[in-house]
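Trainee: Take this structure, written in structure tokens, and hold onto it; I'll ask about it next.
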Amino acid sequence: MTTSTEQAWNLAKARYAELNVDVESVLKLLDTLPVSMHCWQGDDVAGFENTGGALTGGIQATGNYPGKARSAVELRADLEQALALIPGPKRLNLHAIYLESDEPVARNEIEPKHFSNWVDWARKQGLGLDFNPSCFSHPLSADGFTLSHANPEIRQFWIEHCQASRRVSAYFGRELGTASVMNIWVPDGMKDLTVDRFAFRERLMTALDEVISEKIDQKYHIDAVESKLFGIGAESFTVGSNEFCLGYAASRETALCLDAGHFHPTEVISDKISTVMLFVKHLLLHVSRPVRWDSDHVILLDDETQAIAHEIIRNKLFDRVHIGLDFFDASINRIAAWVIGTRNMKKALLRALLEPTEMLRQLEVDGDYTARLALLEEQKCLPWQAVWETYCLRHNTPAGSEWLQTVRQYEQSVLSKR
């Protein structure tokens with residue numbers, strides 16, 4: 001630590017102490033809050049099934065920046081570059097299409113052995129793993145329906161895929177000693193007017209019931225269901241709506257997943273957290289940036305990202321909210337995208353932890369809304385950056401934008417040759 005950095009750190013500690021904020025305690029707590037990075041940023045959601053099929057399900061990764069990962073080996077190498085530039089605890093979120101096998105494997109036949117390399121790697125990296133069934137980009141999802149499909153054979157295929165995915169997820173939890181959160185999202189919906197919406201949603205409910213019928217200890221595995229407002233090709237009707245998924249999670253005692261891009265453009269998920277946590281035990285967040293609805297841009301340190309962090313920290317939801325990221329930008333360096341987005345999420349958590357919340361809460365109880373607003377605004381200018389830089393240095397990661405040089409060197413030596 002340089003003299004100037006140390007001076008800034010000491011001044012920051014003193015300034016926050018004036019507000020009864022213990023900075024050392026804050027950094028210890030930050031070290032208990034992992035952020036689950038999403039593997040699919042590294043290869044544009046292609047996966048390694050080697051089927052050559054196009055990306056479907058209303059998902060699009062736009063851009064053609066060179067150097068995307070073409071194999072699990074390349075993806076893990078890229079992830080290691082990103083992980084080394086991000087301070088504090090992390091996890092990795094995998095989709096089923098990122099299996100490894102010498103022979104083609106049907107999605108309803110995936111097994112833990114197809115992900116054993118990921119587990120070995122995660123153990124060495126000190127990471128927990130999360131999981132997702134992949135109910136898209138497949139011949140049996142080509143008409144836009146999976147778990148709510150009217151054809152019982154197709155519906156059964158996807159039920160079996162999700163059941164197999166749960167076994168993989170539980171394997172992650174047992175092997176790594178930390179529960180894997182498995183998120184179920186389906187692209188099911190219709191482009192135009194739909195007559196019998198009830199039947200589709202009833203089939204989805206019954207299928208999900210069958211998926212989660214096998215009891216798995218939450219010590220190893222947590223089920224989650226994710227809603228969506230609409231998608232490309234499902235503009236008029238989405239089976240797994242917000243109301244459906246909230247009702248399902250509350251009644252079946254699963255986790256609920258809120259994705260920042262899956263709601264109306266004027267809605268934000270930060271405002272939903274305090275509501276849903278009254279009715280569900282666990283909440284999974286997919287933090288993203290919807291520039292135009294579900295565009296999945298790299299997250300910024302913007303008002304909504306900060307508001308999400310505040311809701312988690314102010315309400316002490318540390319053990320009940322699972323923070324995952326979900327963006328895929330193929331127009332910029334993919335490793336840089338991981339680093340920018342994940343560091344921003346961690347910065348938001350740090351800033352929330354540094355807030356004099358108890359003081360603000362008391363002002364609110366006292367009805368002193370003038371002081372509440374004044375302090376909320378003044379604390380935005382407190383020297384949190386000095387605390388962030390010290391945190392980075394303690395984790396042997398770059399404190400500022402110098403991490404970009406490491407990414408550029410890797411691009412020249414590795415990515416540009418792919």
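Trainee: Of the residues in region 189-226, how many are in contact (Cβ under 8 Å) with a residue 40 or more places away in the chain, aromatic (F, W, Y) and not in a loop (DSSP other than H, G, I, E, B)?
Mentor: So the count comes out to 1.
Every residue, every condition in (1) basic (K, R); (2) assigned to a helix (DSSP H, G or I); (3) over 22 Å from K28 (Cα atoms); (4) at pLDDT 95 or above, yes or no:
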site: L376; (1), (2), (3), (4): no, yes, yes, yes
site: W388; (1), (2), (3), (4): no, yes, no, yes
site: Y391; (1), (2), (3), (4): no, yes, no, yes
site: N396; (1), (2), (3), (4): no, no, no, yes
site: V407; (1), (2), (3), (4): no, yes, yes, yes
site: Y410; (1), (2), (3), (4): no, yes, yes, yes
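Trainee: Related question: Within region 296-324, how many residues turn out to be assigned to a helix (DSSP H, G or I) and either in contact with a strand residue (DSSP E or B) (Cβ under 8 Å, 6 or more places away or on another chain) or touching a residue at least 24 places away in the same chain (Cβ under 8 Å) (or both)? Spell out the reasoning first.
Mentor: Applying the first criterion (assigned to a helix (DSSP H, G or I)) to region 296-324 yields 303-314.
Okay, now just the ones that are also either in contact with a strand residue (DSSP E or B) (Cβ under 8 Å, 6 or more places away or on another chain) or touching a residue at least 24 places away in the same chain (Cβ under 8 Å) (or both), so 304-314.
The number of residues fulfilling the criteria is 11.
Trainee: Step by step: first the residues of region 288-343, then only those that are aromatic (F, W, Y) and in contact with a helix residue (DSSP H, G or I) (Cβ under 8 Å, 6 or more places away or on another chain), then the one that is modelled with the highest pLDDT. Which residue is that?
Mentor: W338
Trainee: Okay, next question. Taking K219 as meeting all but one of (1) closer than 21 Å to H138 by Cβ; (2) surrounded by fewer than 22 Cβ atoms within 10 Å (Cβ to Cβ); (3) not hydrophobic (A, V, I, L, M, F, W, C), write down the number of the exception.
Mentor: Every listed condition holds for K219 apart from (1).
Trainee: Let me ask something else. Being part of a helix (DSSP H, G or I), within 17 Å of D302 (Cβ to Cβ) and modelled with pLDDT of 95 or more narrows it down to one residue among K346, K380; which is it?
Mentor: The unique qualifying residue is K346.
Trainee: Tell me whether region 151-162 contains one or more residues that are within 24 Å of the chain's Cα centre (by Cα), of a type in the set (F, W, Y) and not in a loop (DSSP other than H, G, I, E, B).
Mentor: If we filter region 151-162 for residues that are within 24 Å of the chain's Cα centre (by Cα), which is where we start, we get 158-159, 161-162.
From what's left, of a type in the set (F, W, Y): 158.
After this cut, where a residue has to be not in a loop (DSSP other than H, G, I, E, B) as well, the list is 158.
Yes, region 151-162 has at least one match.
Trainee: Given (1) in a helix (DSSP H, G or I); (2) of a type outside the set (V, I, T); (3) in contact with a helix residue (DSSP H, G or I) (Cβ under 8 Å, 6 or more places away or on another chain), identify the lone condition not met by L285.
Mentor: It fails just one condition, (1).
Trainee: Could you please find all residues in region 148-179 being among the hydrophobic types (A, V, I, L, M, F, W, C) and either in contact with a strand residue (DSSP E or B) (Cβ under 8 Å, 6 or more places away or on another chain) or not assigned by TED's automatic domain parsing to the domain that holds V211 (or both)? Outline the logic, then answer.
Mentor: Filtering region 148-179 for residues among the hydrophobic types (A, V, I, L, M, F, W, C) gives 150, 154, 157-159, 162, 164, 168, 170, 172, 176, 179.
Passing the criteria: C162, V168, A170, F172, L176, A179.
Trainee: When you check N117 against the structure, is it modelled with pLDDT of 95 or more, assigned by TED's automatic domain parsing to the domain that holds R167, farther than 22 Å from A224 by Cα and not acidic (D, E), yes or no? If you could, list the steps in order and put the result at the bottom.
Mentor: Working: modelled with pLDDT of 95 or more: yes; assigned by TED's automatic domain parsing to the domain that holds R167: yes; farther than 22 Å from A224 by Cα: yes; not acidic (D, E): yes.
Yes, satisfied.
Trainee: Can you say whether S169 is in contact (Cβ under 8 Å) with a residue 24 or more places away in the chain, over 19 Å from K215 (Cα atoms) and among the hydroxyl-bearing types (S, T, Y), as far as the supplied structure shows? So that I can check it myself, show each step before the final result.
Mentor: Numbers: in contact (Cβ under 8 Å) with a residue 24 or more places away in the chain: yes; over 19 Å from K215 (Cα atoms): no; among the hydroxyl-bearing types (S, T, Y): yes.
So S169 does not fit the description; no.
Trainee: How about region 88-116: which of its residues are part of a loop (DSSP other than H, G, I, E, B) and either over 20 Å from T178 (Cβ atoms) or in contact with a helix residue (DSSP H, G or I) (Cβ under 7 Å, 6 or more places away or on another chain) (or both)?
Mentor: In the first step, residues of region 88-116 are kept if they are part of a loop (DSSP other than H, G, I, E, B); the result is 88-89, 99-106, 110-111.
Within region 88-116, G88, L99, E100, S101, D102, E103, P104, V105, A106, I110, E111 meet the criteria.
Trainee: What are the pairs, 6+ residues apart or on separate chains, where a residue within region 353-364 that is under 18 Å from P383 (Cβ atoms) has its Cβ under 6 Å from a residue that is in a loop (DSSP other than H, G, I, E, B)?
Mentor: L354/V21; P356/L19; P356/V21
Trainee: Here is a list: S288, S295. Which entry is within 13 Å of the chain's Cα centre (by Cα) and small (G, A, S)?
Mentor: Numbers: S295 fails: within 13 Å of the chain's Cα centre (by Cα).
Going through S288, S295 in turn, just one is within 13 Å of the chain's Cα centre (by Cα) and small (G, A, S): S288.
Trainee: Further, regarding this structure: From the list A84, A96, A69, A77, exactly one residue is of a type in the set (G, A, S), surrounded by 22 or more Cβ atoms within 10 Å (Cβ to Cβ) and under 15 Å from V414 (Cβ atoms). Which is it?
Mentor: Details: A84 fails: surrounded by 22 or more Cβ atoms within 10 Å (Cβ to Cβ); A96 fails: under 15 Å from V414 (Cβ atoms); A77 fails: surrounded by 22 or more Cβ atoms within 10 Å (Cβ to Cβ).
Just one listed residue meets the conditions, A69.
Trainee: Continuing with this model, one more query. Just for region 282-301: of the residues that are of a type in the set (V, I, T) and crowded, with 19+ Cβ neighbours inside 10 Å, which one is nearest to N333 (Cα to Cα)? Break it down into steps so the answer makes sense when it comes.
Mentor: Narrowing region 282-301 to residues of a type in the set (V, I, T): 287, 291, 298-299.
Within this subset, residues satisfying the condition of being crowded, with 19+ Cβ neighbours inside 10 Å are 287, 298-299.
Values: V287: 19, V298: 11, I299: 15 Å.
The selected residue is V298.
Trainee: Working only within region 329-360, note down all residues that are within 21 Å of R76 (Cβ to Cβ) and of a type in the set (D, E, K, R).
Mentor: In the first step, residues of region 329-360 are kept if they are within 21 Å of R76 (Cβ to Cβ); the result is 329-330, 332-343.
Correct list: D329, R334, R343.
Trainee: Still on this structure, I have one more. Sort out which residues of region 265-275 are surrounded by fewer than 17 Cβ atoms within 10 Å (Cβ to Cβ) and either outside the structural domain of V225 (by TED's automatic domain parsing) or in a helix (DSSP H, G or I) (or both), and write them in order of number.
Mentor: D271, S274, T275
Trainee: Related question: With the requirement that a residue be at pLDDT 95 or above and over 15 Å from N132 (Cβ atoms), what does region 216-233 give you?
Mentor: Hits for region 216-233 are I216, D217, Q218, K219, Y220.
The values are calculated or read from the model by the stated rules, or taken from the named source; none is laboratory data. It should be emphasised that the depicted structure is a prediction, and the values quoted were computed from it without experimental measurement. Backbone-built Cβ (ideal geometry, glycine too); neighbour counts: all protein chains shown.
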